[in-house]
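In what follows, a single structure is set out as structure tokens and then discussed.
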Amino acid sequence: MAAGSAIQIPTRLPLLLTHESVLLPGSTMRTSVDSPRNMQLVRSRLLKGTSLRSTIIGVIPNTSDPTSDCDDLPNLHRIGTAALAVQVVGSNWPKPHYTLLVTGLCRFQILQLLKEKPYPVAEVQQLDRLEQFTNGHKSEEELGELSEQFYKYAVQLVEMLDMSVPAVAKLRRLLDNLPREALPDILTSIIRTTNQEKLQILDAVRLEERFKMTIPLLVRQIEGLKLLQKTRKSKQDDDKRVVAIRPNRRISHGSITEDEEEEEDHDDVVMLEKKIRTSSMSEQALKVCLKEIKRLKKMPQSMPEYALTRNYLELMVELPWNKSTKDRLEIRAARIVLDNDHYAMEKLKKRVLEYLAVRQLKNNLKGPILCFVGPPGVGKTSVGRSIAKTLGREFHRIALGGVCDQSDIRGHRRTYVGSMPGRIINGLKTVGVNNPVFLLDEVDKLAKSLQGDPAAALLEVLDPEQNHSFTDHYLNVAFDLSQVLFIATANTTATIPPALLDRMEVIQVPGYTQEEKIEIAHRHLIPKQLEQHGLTPQQIQIPQVTTLGIITRYTREAGVRALDRKLGAICRAVAVKVAEGQHKEAKPDRAEVGEGEDCKEHITEDAKPESISDTADLALPPEMPILIDLHALKDILGPPMYDMEVSERLSQPGVAIGLAWTPLGGEIMFVEASRMDGEGQLTLTGQLGDVMKESAHLAISWLRSNAKRFQLTNASGSFDLLDNTDIHLHFPAGAVTKDGPSAGVTIVTCLASLFSGRLVCSDVAMTGEITLRGLVLPVGGIKDKVLAAHRAGLKRIIIPQRNEKDLEEIAAHVRQDLTFVLAGCLDEVLNAAFDGGFAVKARLEHLNSKL
Ligand code: ADP
């Protein structure tokens, strides 16, 4: 290698004065620059310069730059390191400064200071030969025995470190590849040395001297490491000695805290390994865990993957691989539990008992998944809970509403930051057994998105053929779900993906009648609310009339959830009264528990209307029990939210009441129509779906073609109903989307009323699909619709003839209150909807009015 090829640093170098650290050739250092001279150097030389040469500066150690600009330059250390400025980062906080990243190239000696301001520049002489760094090895004999010895120590030191860490492996390779002259400088900057020692190495210009000075430093580090490893080993051998060893280590090594932490962590890993080995996980899982723990042991804790792997292993240990509760299934007991917990719901209870009976006889869980479908608040979730109770199993509810990512079910792969297991595995971890009852709530509200289809993931979970080896992406090993009992709930089957629906047995849970609600309130809801509010029946009494009042005037729902909330509001109000009463009570003339009965009787006998919010007589404790009558109800819940006066809205022609089915139960729906001068256009409002719009067109077409027969005319007396006339049809509750064919008969009735000028009977509601020929076709949801009409106090209901069979499902007492008209064609509908029939009379009346 030719001497001429050696790289030369410039003979004039700008000088950076550092105080806290020493830069050695071959190493890199980050230093903060804030003194005026150094700042000037960075600004006018490094930031302005364009050539590579302008990034070379001289770093002079052990020389603090005075903070003031005018101060004289201090004595400079004689030897410095020429360095390449690799990066400059500026910041204004907390004061203006730069952070410089510099890499040392070679030593130099200051020959003469050329200028001091704005930053010092000196003429320098290069001391190390730079080609050594770039052109590989020098011949062995030149280096001598000293360098060989040094090399051996260096290798010994590096091999004591953990070779699985990439940086250590790289250092090991560098030892062989770098020229040996470079090693003292590089190793000195890596091992633990003081600044003073580094300065001595910098000053050791002669190579031999440098080797001689570094060897003791290496030996010291090796000894330190040996001691550390020894203490660690003995610690692993005997956990009990932990306490004894620590004080020794405190003396033996300087960096105690870091090491101690590391050690503690190591303990945890050992414990974790023990737990893994003693846990009952599957063979496959055990294999994966042992592999992971091996990796964990080699990983430095600071690596992000360390925490990930640890979390993973902890989850694996916690999962109930083999832990289960013992089923205690006895059908008679199950029947009692179900009956005790729930009133009515006969069909549902019967089906659940059948299901459990099969389970008892067959003793395995393969079979369709039960899916309860019905409006909110009808007790679907609570039946699920009762099933778990009868079986003596743990219960866990998984809410699926709005879930649109399949990793919600199946977990994220562990390569993602923040990855976690899916809800199924999480649920198992929560309950801690592998045979819980999982309630998959709201399966009809699963959504699809770019992140995959969660319904598809659920298929695997629910399929008894597949779920014994369910693989969560996070776990990445199979988990047996076959012991889990899945129950699903939904408001409607329409939005459940067909493949999922196929695996489930749907059990409809219809809404309740008023009478059922009253029973549920008095048997279940009120006792539960009293308990929750710390009240006793001796303190509050809610008669059935009040409950009926709440049901009819303050709620309009198929289930009992709002009713439950209102009862809660009443209990809260009473609790305040009772608490205040107890506080005010001067003398203990409080009704004793034994006297409670008499007291109650007394109050109910002369039920004088007492206002709950009457604060005037607070000085006296309220009389127990506090009776909640309709008057008190108004005080607590405010004015009634719903009135029963349907007839008021039917005081004009062009209004009819239809019956609609929604996932929340049945509802009554007013259809309004009006006409005005125009060009024969039909306007529809109220967020209607396509099918409903078509029903409106059908209705108009049928009425136009039958206008003569019914003597229907437009404003100018023409039988062409749309001649110079626009029609507007509106379905109130405009914010709710409506669709379906069942409003057909209602639209016809409403328009017939508009064009005939006659009022539709105020107590009639109707449902049914129509055809162009005037036939009435059957529709669904009859039971819910009838219950809604009954709730609203209507008396007569027109339904399609072919829906007659559905009436059997309706409770006898509801049927008694209502008159059903079974219509096969629209003529029959119109005859039933108008007082005294429609066809014949209408013609006469109309003719009369024309005459
Ligand atoms: P869903 O899951 O159908 O929306 P929930 O199961 O949450 O409804 O029921 C709401 C509340 O109504 C629960 O407190 C439940 O106990 C009560 N409930 C509903 N139906 C009945 C019933 N038939 N008998 C007793 N309580 C009932």
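Values in this text are rule-based calculations from the coordinates and carry no lab data. In this text the structure is predicted, and so the values were computed from the model without any measurement. Virtual Cβ from ideal backbone geometry, glycine too; neighbours counted across all protein chains shown.
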Check your understanding: Are there chymotrypsin sites (Phe, Trp or Tyr not before Pro) in segment 150-239 that DSSP puts in a loop and that have at most 11 other Cβ atoms within 10 Å, and which ones?
Key -> none
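Say R0 is 56 Å: what FRET efficiency, to the nearest 0.05, do residue 324 and residue 816 get from their beta-carbon distance? List each step's numbers first, then the result.
On the way: r = 50 Å, r/R0 = 0.90.
Once rounded, the FRET efficiency stands at 0.65.
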Point to revise | For residue 507, distant residues with modelled amide H under 5 Å away | key: 371, 372, 373
Revision key, fill the gap. Label model pair residue 229, residue 691: point-to-point distance (7 angstrom along the Cα→beta-carbon line) in nm is 7.8 nm
Study note, to complete from the structure: Expected sort for 278-286, 574-582, 480-488 on mean C-beta neighbours within 10 Å, highest first, is 480-488, 574-582, 278-286
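With a Förster radius of 41 Å, plug the Cβ-Cβ distance of residue 556 and residue 805 into 1/(1 + (r/R0)^6) and report the FRET value to the nearest 0.05. Before the final figure, lay out the partial values.
Values: r = 28 Å, r/R0 = 0.68.
That gives a FRET efficiency of 0.90.
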Check your understanding: Quick one: if you stick a label point 7 Å off each Cα along the C-beta vector at residue 333 and residue 168, how many nm between them?
Key -> 5.9 nm
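Quick one: of 448/693; 362/517; 517/634; 528/738; 350/634; 380/577, which pairs are farther than 30 Å apart, Cα to Cα? List each step's numbers first, then the result.
Details: 448/693 28 Å; 362/517 37 Å; 517/634 20 Å; 528/738 37 Å; 350/634 40 Å; 380/577 35 Å.
With Cα atoms farther than 30 Å apart: 362/517; 528/738; 350/634; 380/577.
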Revision key, fill the gap. Sequence order, segment 296-310: Karplus ³J(HN,Hα) from phi using 6.51 cos²θ - 1.76 cosθ + 1.60, θ = phi - 60°, Hz rounded, Gly and Pro as x, gives 4, 5, 8, 7, x, 5, 6, 5, x, 5, 4, 5, 4, 5, 5
Check your understanding: Looking at this model, which pairs from 226/274; 152/226; 230/274; 347/805 are more than 19 angstrom apart at the alpha-carbon?
Key -> 226/274; 230/274
Revision key, fill the gap. Once both label points are put 7 Å beyond Cα along the C-beta direction, the residue 499-residue 78 separation in nm becomes 8.3 nm
Check your understanding: Along the Cα-to-C-beta direction of residue 404, a point sits 7 Å from the Cα; which residues of segment 487-518 have their amide N less than 20 Å from that point?
Key -> 491-492, 494-498
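Rank the residues 783, 230, 326, 389 as a footprinting-exposure proxy: fewest other Cβ atoms within 10 Å of their Cβ go first. Numbers along the way, then the final one.
Working: 783 21, 230 12, 326 8, 389 17.
Fewest-to-most ranking of 783, 230, 326, 389: 326, 230, 389, 783.
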**Study point:** Whole-Hz ³J(HN,Hα) from phi, Karplus 6.51 cos²θ - 1.76 cosθ + 1.60, for segment 324-332, glycine and proline x
**Key:** 9, 8, 8, 6, 10, 9, 9, 4, 5
Exercise for review: Return the loop-located GluC sites (Glu not before Pro) in segment 96-131 (DSSP other than H, G, I, E, B) with at most 15 other Cβ atoms within 10 Å of their own Cβ; answer none if there are none.
Suggested key: 116
Check your understanding: Rg and Dmax of segment 162-227 over Cα atoms: what are they, in angstrom?
Key -> 12.5, 36
